[in-house]
Amino acid sequence: MKVHIKRNINSEDLKLHLHLKRCNSNDALDTCETYNTVKLNHFCKILVADDKPWTPFRKLFNPPPGGCPLRKGEFEVNNGTFDGGALSAFPISNFYWKVTVLMLTDPGDEVVMCNKVEGQIAPI
């Protein structure tokens, strides 16, 4: 996976919005319903924290992304896996998920990232 930041993001801070839709399966997309919207303010402060559910994933990147401001560049994960134990506290298995991730500047609310992710969490 590659993340390409096309320009420096010199915002004082960032906000992250996660819009989650839950479906019975990827074969039954007509069952999708809004599950939750999570809004994280002051994301720059928690982006580099070592005790967050995304910390193991962030550490897989080469080079590891720093905090804010976000610098222009390409960040890559090759053959990366991480322990999803932090996710086990959430009722996420047995569903197909459609997630929209928005990152916005703060102040300003300029959308600087929009990702759409779909998938199912399955134990290995």
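Data overview
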| quantity | calculated |
| --- | --- |
| Breaking point among (1) in contact with a strand residue (DSSP E or B) (Cβ under 6 Å, 6 or more places away or on another chain); (2) closer than 19 Å to residue 61 by Cβ; (3) not polar (S, T, N, Q), for residue 50 | (1) |
| Residue under evaluation residue 48, criteria (1) under 30 Å from residue 96 (Cβ atoms); (2) among the β-branched types (Val, Ile, Thr); (3) surrounded by fewer than 16 Cβ atoms within 10 Å (Cβ to Cβ), criterion not met | (1) |
| Any strands (runs of 3 or more DSSP E) falling wholly within segment 1-110 and containing at least 1 residues that are touching a Pro at 6+ places or on another chain (Cβ under 6 Å) and modelled with pLDDT of 80 or more | 73-76 |
| Subset of segment 1-17 that is surrounded by fewer than 16 Cβ atoms within 10 Å (Cβ to Cβ) and polar (S, T, N, Q) - its residue that is farthest from residue 69 (Cα to Cα) | 8 |
| When residues of segment 111-124 are limited to those that are modelled with pLDDT under 80 and either exposed (fewer than 11 other Cβ atoms within 10 Å of the Cβ) or not hydrophobic (A, V, I, L, M, F, W, C) (or both), the one farthest from residue 24 (Cα to Cα) | 124 |
| Residue check for residue 34: hydroxyl-bearing (Ser, Thr, Tyr) and free of Cβ contacts under 8 Å to residues at least 24 places away in the same chain | yes |
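The values are calculated or read from the model by the stated rules, or taken from the named source; none is laboratory data. Small disclaimer: the values here were computed from a predicted structure and weren't measured. Neighbour counts run over all protein chains shown; Cβ positions are idealised from the backbone, glycine included.
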